[in-house]
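In what follows, a structure is listed as structure tokens, so that the remarks can point back to it.
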Amino acid sequence: MSATTAPSPATTELRPGAEVVLRALKEQGVEVIFGYPGGAVLPIYDALFQQNAIRHILVRHEQAAVHAAEGYARSTGKVGCVLVTSGPGATNAVTGLVDALMDSIPIVCLTGQVPTHLIGNDAFQEADTTGITRPATKHNYLVKRSEDLAATVHDAFYVARSGRPGPVVIDLPKDILIKPAPYSDAPTAPHRSYRPVTQPDMEQIKRAVALLKASKKPIIYAGGGVINAGPEASALLGEFVRMTGFPCTNTLMGLGAFPASDPLFVGMLGMHGTYEANLCMFHADVMLNMGARFDDRVTGRLDAFAPNSKKIHADIDPSSINKNVKVDVPILGDAAAILRAMIAAWKDDTTAPQKEALAGWWREIDAWRSIRCLAYKQEGKIIKPQHAVKRLFEITNETGRDTYISTEVGQHQMWAAQYIGFEKPNRWLTSGGLGTMGYGLPAAMGAQIAHPDALCIDVAGEASILMNIQEMSTLAQYRLPVKVFILNNEYMGMVRQWQELLHGGRYSESYSEALPDFVKLAEAFHARGMRAETADQLDDVIHAMLAHDGPVIADICVAKDENCFPMIPSGAPHNEMILGPNQEQNARAVTDEGKVLV
Amino acid sequence: MSDTHIRNATIAVLVENESGVLARVIGLFSGRGYNIDSLTVAPVDDTGRLSRITVVTSGTDMVIEQIKAQLDRLVPVHKVSDLSLEGPHLTRELALIKVSGQGDHRVEALRLADAFRARVVDATTESFIFEMTGNAEKIDAFCALMKPLGLAEVCRTGAVAMARGARGI
């Protein structure tokens with residue numbers, strides 16, 4: 001690995017290790033670091049104090065530093081950067097690192113470490129950070145020699161952003177940060193061992209196009225990989241979908257890769273996806289998976305997943321291919337490169353598409369659409385959570401402002417995914433793979449730092465928001481006008497929903513007892529608090545929230561017993577969706593085999 | 001590809017010889033629930049920068065493909081080669097086998113050792129240590145024969161393996 005390569009030291013002047021680290025970060029384009037100081041990283045904080053190129057955002061908990069960096073990375077396409085101290089600083093960051101690993105978010109996290117001569121001695125605030133974070137990161141490093149410092153930072157950024165992006169940890173012993181070290185520029189030579197394939201095999205592209213041209217019931221299923229490949233990939237996806245006239249569905253992580261308002265969009269798929277998207281998957285004869293990973297939330301019961309389809313899977317990570325679902329045409333590469341090649345191959349292939357069959361396919365899809373699986377009735381005074389999210393979307397749309405939506409995890413997250421339409425990539429920040437409660441507030445914070453003039457909203461639940469509520473203090477310190485929109489049903493709603501459907505309505509520990517007064521809580525954190533208790537107050541509160549030029553907590557008191565539908569119960573195939581409350585008995589018929597699934 | 005048939009695979013992995021690389025490989029196997037039947041590792045080039053890991057594992061074709069893909073995407077991994085799939089290959093293992101006994105048992109042990117081309121590397125009036133190389137089956141067979149003759153201790157390296165023919169990994 002290049003990090004252990006001895007650079008040419010004779011040519012470089014020696015500077016304290018901490019300064020060398022910052023110089024390398026600057027060369028890597030870092031403008032912002034989210035962090036929290038402590039003993040082992042004091043040399044870096046001292047170096048930060050004496051420079052102006054890199055801005056430091058002081059969070060209130062290290063987990064939030066990583067989520068904020070994720071929000072920053074996801075909303076900009078850049079690598080997010082984190083700085084935490086040794087021991088508890090590093091262990092607190094672990095949840096964020098695994099979150100970034102699961103959702104393929106590029107992060108470089110610098111962790112302090114006790115000096116090299118104390119490593120292994122159970123020193124104060126010592127933890128085996130590289131050991132603990134090995135399965136939590138894409139890669140990690142412990143720098144033991146000053147001359148490796150700069151090269152390791154450059155290597156870390158290359159690894160974080162190349163191939164399938166992910167989090168990388170650099171563990172920095174305190175003596176290495178103090179001792180003079182040489183600087184070296186980022187290497188121009190290819191990496192010694194890590195060189196992911198980005199250009200697709202043209203033969204596979206041709207096979208894929210031939211399958212798609214012959215398809216009578218095609219579906220394009222696009223995921224977070226398209227977003228990770230940059231805005232150009234999303235534009236190319238749009239071009240390809242419109243060129244083919246095929247229906248397109250997005251995964252939770254892929255929302256925004258294809259515009260929600262496009263008539264060819266059939267909505268999100270998966271456990272809480274739309275009826276039409278899931279039935280398209282079930283009945284398709286050819287499926288094109290662009291940068292998604294056949295996650296269990298998407299596939300449902302594997303042996304009944306899209307049973308009659310030929311499957312084309314385009315992914316940058318070879319280990320994603322044939323992992324859960326066996327595919328007919330694997331295509332390895334970067335989503336933008338693959339889509340560009342597919343568009344060219346589609347034009348070159350003279351076969352005419354199955355026009356008549358496609359028209360019939362769209363008639364089927366329109367019939368599924370006519371069920372209006374996301375319809376709900378807002379009657380009376382009690383605010384339906386779906387209505388709250390829908391009005392939030394409509395009213396923010398009217399403002400015409402560029403909007404970034406983050407979420408916590410649970411029912412509110414699924415409602416946000418269902419009722420907020422995303423027209424562009426990088427506007428949707430959610431914890432998909434790990435499902436981390438407490439993600440949304442710091443992620444919105446990171447997005448707001450990157451886009452100071454944009455509207456950044458955390459759609460939250462009253463339980464999740466308490467998991468990183470301390471970040472309200474960070475919002476106040478940096479005057480970040482993040483809006484926290486709490487769907488308050490006084491329950492851990494998704495837990496309660498599963499308990500209702502699968503555990504006989506025994507609501508074991510899912511009631512949010514002794515909640516704080518969120519309006520007063522907001523005020524205590526120097527923010528504006530507001531509350532909507534009845535349906536007629538909802539719009540006013542949303543308008544007031546958006547109009548306020550500062551952080552807001554809007555406490556939206558919603559129906560307490562609302563369930564999130566449609567739903568594919570655990571262990572069921574796509575064609576056995578529960579559409580609404582009157583079909584809940586279907587969930588009660590879930591087998592024990594289904595119940596063991598999360 | 002078969003979904004249910006379990007096969008053995010001998011996989012050679014060329015890695016950067018850096019700290020933690022073995023932990024990464026082993027952690028991958030334990031974290032994802034793959035089997036390790038044996039694993040050997042040592043530096044293999046004169047600069048000491050490259051190590052070769054030979055891992056013997058088992059699983060369905062789909063699982064073994066996953067193992068290879070997961071190994072290949074580790075940052076310090078240069079090359080992953082499935083020797084079981086890529087044509088004929090040699091497998092060797094080194095074993096030290098201690099047999100304690102007296103009288104006829106000693107004579108019989110020596111005679112069998114000769115037949116198996118095991119070398120005596122240590123001897124007392126009551127024991128031998130045999131050194132033996134071969135594939136796993138040969139060592140298994142020898143150990144089974146030594147059992148009634150006073151098998152006291154076995155130490156094995158696990159398999160190292162290489163593809164036959166002129167081409168390097």
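Only one of the listed residues (A:A100, A:A156, A:A151) is closer than 15 Å to A:V82 by Cα, within 14 Å of chain B (Cβ to nearest Cβ) and either in a strand (DSSP E or B) or touching a helix residue (DSSP H, G or I) at 6+ places or on another chain (Cβ under 9 Å) (or both). That residue is A:A156. Among the residues of segment A:243-279, those that are under 20 Å from the mean Cα position of the chain (by Cα) and among the aliphatic types (A, V, I, L, M) comprise A:L252, A:M253, A:L255, A:A257, A:A260, A:M268, A:L269, A:M271. Taken over segment B:85-103, the criterion of being under 23 Å from B:A159 (Cβ atoms) and among the polar types (S, T, N, Q) is satisfied by B:T91 alone. Residues in segment A:354-388 that are in a helix (DSSP H, G or I) and of a type in the set (F, W, Y) were compared, and the one that is surrounded by the most Cβ atoms within 10 Å (Cβ to Cβ) is A:W361. I need the full set of residues from segment B:55-76 which are more than 9 Å from every other protein chain (Cβ to nearest Cβ) and small (G, A, S), in order please. The answer is B:S58, B:G59. State whether one or more residues within segment A:170-189 are within 30 Å of the chain's Cα centre (by Cα) and without any contact (Cβ under 8 Å) to a residue 24 or more places away in the chain. No: zero hits. Taking the criterion of being open to solvent by 10 Å² or more (accessible area, probe 1.4 Å), over 12 Å from the mean Cα position of the chain (by Cα) and under 23 Å from A:P231 (Cβ atoms), the residues of segment A:78-107 that qualify are A:K78, A:V79. Against the numbered list (1) within 14 Å of chain A (Cβ to nearest Cβ); (2) crowded, with 19+ Cβ neighbours inside 10 Å, B:K79 comes up short only at (2).
State whether one or more residues within segment A:313-326 are more than 14 Å from chain B (Cβ to nearest Cβ), open to solvent by 30 Å² or more (accessible area, probe 1.4 Å) and touching a Pro at 6+ places or on another chain (Cβ under 8 Å). Looking for residues that are more than 14 Å from chain B (Cβ to nearest Cβ), open to solvent by 30 Å² or more (accessible area, probe 1.4 Å) and touching a Pro at 6+ places or on another chain (Cβ under 8 Å), one finds none in segment A:313-326, hence no. Answer yes if at least one residue in segment B:51-68 is closer than 18 Å to A:H191 by Cα, touching a residue at least 24 places away in the same chain (Cβ under 8 Å) and among the charged types (D, E, K, R), and no otherwise. Within segment B:51-68 (the criterion being closer than 18 Å to A:H191 by Cα, touching a residue at least 24 places away in the same chain (Cβ under 8 Å) and among the charged types (D, E, K, R)), the answer is no, since none of the residues qualifies. Look at A:K144 and say whether it is in a loop (DSSP other than H, G, I, E, B), within 14 Å of chain B (Cβ to nearest Cβ) and open to solvent by 20 Å² or more (accessible area, probe 1.4 Å). Against the criterion (in a loop (DSSP other than H, G, I, E, B), within 14 Å of chain B (Cβ to nearest Cβ) and open to solvent by 20 Å² or more (accessible area, probe 1.4 Å)), A:K144 qualifies.
Of all residues in segment A:288-312, those satisfying the criterion of being within 14 Å of another protein chain (Cβ to nearest Cβ) and assigned to a loop (DSSP other than H, G, I, E, B) are A:R293, A:F294.
Scanning segment A:389-415 for residues being open to solvent by less than 20 Å² (accessible area, probe 1.4 Å) and either in contact (Cβ under 8 Å) with a residue 60 or more places away in the chain or closer than 13 Å to A:M494 by Cβ (or both) gives a total of 13. For segment B:5-27, the candidate set comprises residues that are over 15 Å from B:K79 (Cβ atoms) and crowded, with 19+ Cβ neighbours inside 10 Å; within that set, the residue that is nearest to the other protein chains (Cβ to nearest Cβ) is B:R24.
The values are calculated or read from the model by the stated rules, or taken from the named source; none is laboratory data. In this text the structure is predicted, and so the values were computed from the model without any measurement. Backbone-built Cβ (ideal geometry, glycine too); neighbour counts: all protein chains shown. Just so you know, the surface numbers come from the protein's heavy atoms only, side chains and all, with ligands and any DNA or RNA stripped out. Shrake-Rupley method; radii C 1.70, N 1.55, O 1.52, S 1.80 Å.
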